[in-house]
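Read the structure below first, then the notes.
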Amino acid sequence: MTILIALAGKPNAGKSSFFKSATLADVEIANYPFTTIKPNHGVSYVRAKCPSVEMKVECTKCQDGERFIAVELLDVAGLVPDAYKGKGLGNKFLDDMRQAEAVIHVIDASGGTDMEGNVVPIGSHDPLEDVKFLENEITMWMYGILSNNWMKLAKKSGSGGARVEDVVAEQFAGLGITDLMARQAIHEIGLDNKAIVNWDEQDMIGLSESLRKVSKPMIIAANKADIAPPANIEKLKGLEKGGYKVVSCSAGIELALRNAAKNNYIEYLPGDKDFKIKDPAKLSAPQKAALEKMREFIVKNGGTGIQQCLNTVVYSLLDFITVYPVEDETHFTNKDGVAFPDAFLIKKGSTAKDLAYRVHTQIGDSFLFAVNARTKMRLGEKHELADNDIIKIVSTK
């Protein structure tokens with residue numbers, strides 16, 4: 001199971017730069033709307049502390065005690081207001097993010113692009129105007145699906161006798177919406193006792209809004225923070241009081257640092273709060289000046305923000321934890337002697353038996369018990385796992 005995260009936003013907000021900096025994939029980056037026509041699909045990583053340091057075991061799977069665990073990124077083409085009506089490149093881009101479990105909304109925090117992604121002087125556009133539009137696009141897209149099939153849904157729920165939450169969940173099954181999510185959304189907007197045949201436009205829009213929040217949780221990546229007026233960053237950070245998660249970032253700086261590390265100029269891992277120049281004598285004066293300018297930003301910002309965005313989505317927004325399955329609970333290895341061979345991202349609340357099924361279906365089917373490799377305590381199938389657990393699964397297979 002892989003976590004799929006969508007990068008969304010208006011054209012020219014820096015989505016493709018974010019995608020490239022997070023994956024080092026070759027994608028087109030340019031200062032004009034709709035650079036991305038087809039969605040870019042790539043692999044990125046969340047960063048976690050490897051238990052090898054704590055357990056004093058040499059691990060070949062981590063880098064300096066840091067474990068990088070794969071997730072998938074989908075960079076959909078830029079959205080413009082009223083895309084759900086077919087404006088710009090239309091509903092196709094909304095449909096591209098259908099399978100994503102969460103969305104990183106990349107905002108041009110510098111205010112250097114207008115609502116449709118056209119370049120304007122830095123600071124001339126209010127980035128707060130960009131925040132709500134994407135949510136509205138997804139909500140209205142979902143409303144269109146709901147309203148277009150309303151008579152069929154009403155018939156199934158009425159004379160067909162099906163539960164309302166079941167017919168709603170069935171309609172949005174492609175977005176991963178379950179009957180429990182649908183029931184929660186119906187309850188939150190007060191439609192429990194209102195027959196579906198009597199729902200009006202506002203009821204369906206309200207339901208679509210609630211379903212969007214459940215099925216497509218979102219954080220805001222305040223991109224281009226290195227050139228943004230401080231007032232813009234303060235405005236965006238102010239949204240946190242309303243429950244938003246906002247991360248200041250610079251995809252441009254992350255990309256430059258990753259390329260510098262790739263070319264052996266600096267020591268840098270994604271998410272680091274500083275870097276080390278390997279051989280200053282090999283760098284020109286302009287290169288040194290550029291690196292020092294980037295250093296100034298990441299030290300002040302606590303990193304470039306790109307890795308923080310990914311970690312925030314997986315560990316905070318989606319409530320995943322990292323668990324390390326091993327076969328030898330004494331040496332923390334697999335049968336070949338490789339320490340901490342795998343790192344699994346699983347939902348918070350998952351049990352030892354859930355982990356067994358993640359390792360292999362047959363192991364889950366034949367599960368006997370698990371062992372906490374730290375404490376050597378035996379764990380039952382319903383034992384709830386914690387972040388950074390090291391677990392041995394014992395089965396009949």
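What the table shows:
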quantity: Condition broken by D272, with the remaining ones in (1) closer than 26 Å to A222 by Cα; (2) outside any loop (DSSP other than H, G, I, E, B) satisfied; calculated: (2)
quantity: Selection count where residues are open to solvent by 60 Å² or more (accessible area, probe 1.4 Å) and of a type outside the set (K, R), scope segment 290-301; calculated: 3
quantity: Members of segment 168-198 that are at pLDDT 90 or above, open to solvent by less than 30 Å² (accessible area, probe 1.4 Å) and either over 30 Å from Y315 (Cβ atoms) or of a type in the set (S, T, Y) (or both); calculated: L191
quantity: Test: residue in segment 84-101 that is modelled with pLDDT of 95 or more, over 16 Å from the mean Cα position of the chain (by Cα) and open to solvent by less than 60 Å² (accessible area, probe 1.4 Å); calculated: no
quantity: Close pairs (6 angstrom Cβ cut-off, 6 or more residues apart or separate chains): open to solvent by 40 Å² or more (accessible area, probe 1.4 Å) in segment 363-382, in a loop (DSSP other than H, G, I, E, B) and of a type in the set (K, R) anywhere; calculated: I363/K397
quantity: Leading residue by the ranking (nearest to R98 (Cα to Cα)) among those in segment 199-222 that are open to solvent by less than 70 Å² (accessible area, probe 1.4 Å) and of a type in the set (D, E); calculated: E209
quantity: Test: residue in segment 124-145 that is out of contact with any His (no Cβ under 6 Å at 6 or more places or on another chain), open to solvent by 60 Å² or more (accessible area, probe 1.4 Å) and either in a loop (DSSP other than H, G, I, E, B) or among the aromatic types (F, W, Y) (or both); calculated: yes
quantity: All positions within segment 337-361 that are of a type in the set (S, T, N, Q), touching a strand residue (DSSP E or B) at 6+ places or on another chain (Cβ under 8 Å) and open to solvent by 20 Å² or more (accessible area, probe 1.4 Å); calculated: T351
quantity: The one condition in (1) at pLDDT 90 or above; (2) assigned to a loop (DSSP other than H, G, I, E, B) that F68 fails to fulfil; calculated: (2)
quantity: Test result for A225, part of a loop (DSSP other than H, G, I, E, B), buried (at least 22 other Cβ atoms within 10 Å of the Cβ), aliphatic (A, V, I, L, M) and touching a residue at least 40 places away in the same chain (Cβ under 8 Å); calculated: yes
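The values are calculated or read from the model by the stated rules, or taken from the named source; none is laboratory data. Note that this is a predicted model, so its numbers are computed, not measured. Glycine gets a Cβ as well: all are built from the backbone with ideal geometry, and neighbour counts include every protein chain shown. Protein only, heavy atoms only, side chains kept; ligands, DNA and RNA dropped before computing areas. Shrake-Rupley method; radii C 1.70, N 1.55, O 1.52, S 1.80 Å.
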